[in-house]
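Since the structure comes first, as structure tokens, the remarks are kept for the end.
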Amino acid sequence: MQILSESVIHFPIEHVYATYRDRLPEIAPYMQDIREIKVISRVDRPDGADLLNRWFAQTELPKVAQGIVKPEWMQWDDHARWDDTAQHVDWRLELPALKDQVRCSGRNSFTAVEGGTRVRLEGTLDLDLRKIPGVPGFMAKRIQPQVEKFIVRLITPNLEKVNASLERFLEADA
């Protein structure tokens, strides 16, 4: 399933890009549904950086998901390869508890626009519910599209909230 999000942050691209890449853990307190972001590893390259950040969510789950989603599923690893020349980041999310069941990857592109920076996220999310413990095989295929849609509907506003949170952080940091 496709994921698409686009926002304009009203700060110059050099501030937005560098803050996104280098200061993401400091932005977590500005995000309502994120408890913490930890940098697990960072390797700087001449043309960018490779980062592994672990995100910890704090959100209420709908009743239909509470029986399936376990608390340890509310964290994920964000593998990011930053390209400073092209000003984009290629990312892949991995849920430690669901490595074989969830595939999510994409690219965030940063573009200077009048009055700020456009951040465009394009990605894909693929689930294999047949491999998730507790989901009956006969139900997995039938409910998978609804679960994917639910997750994308949950993710997309949160992606936009990350950008809004980054803007609030930059305003407070100015």
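The values are calculated or read from the model by the stated rules, or taken from the named source; none is laboratory data. Not measured: the values here are computed from a predicted model. Virtual Cβ from ideal backbone geometry, glycine too; neighbours counted across all protein chains shown.
Contact map, segment 32-47: first residue over 15 Å from L159 (Cα atoms), second residue basic (K, R), Cβ cut-off under 8 Å, separation 6 or more or different chains; pairs are K38/R54; I40/R54. Would you check if there is a residue in segment 146-162 being over 23 Å from M31 (Cβ atoms), of a type in the set (A, V, I, L, M, F, W, C) and either within 20 Å of the chain's Cα centre (by Cα) or surrounded by 11 or more Cβ atoms within 10 Å (Cβ to Cβ) (or both)? Within segment 146-162 (the criterion being over 23 Å from M31 (Cβ atoms), of a type in the set (A, V, I, L, M, F, W, C) and either within 20 Å of the chain's Cα centre (by Cα) or surrounded by 11 or more Cβ atoms within 10 Å (Cβ to Cβ) (or both)), the answer is yes, since at least one residue qualifies. Consider segment 94-105 and keep the residues that are crowded, with 19+ Cβ neighbours inside 10 Å and part of a strand (DSSP E or B). The one that is modelled with the lowest pLDDT is V102.
For segment 38-60, a tally of residues being modelled with pLDDT of 95 or more, surrounded by fewer than 18 Cβ atoms within 10 Å (Cβ to Cβ) and among the hydrophobic types (A, V, I, L, M, F, W, C) returns 5. Considering segment 11-27 alone, what residues qualify as being surrounded by 16 or more Cβ atoms within 10 Å (Cβ to Cβ) and not in a helix (DSSP H, G or I)? Correct list: F11 only.
Residues that are modelled with pLDDT of 90 or more and in contact with a helix residue (DSSP H, G or I) (Cβ under 6 Å, 6 or more places away or on another chain) were ranked within segment 72-93; the one that is nearest to R118 (Cα to Cα) is Q87.
Scanning segment 109-132 for residues that are at pLDDT below 85, assigned to a strand (DSSP E or B) and buried (at least 18 other Cβ atoms within 10 Å of the Cβ) yields L125, L127.
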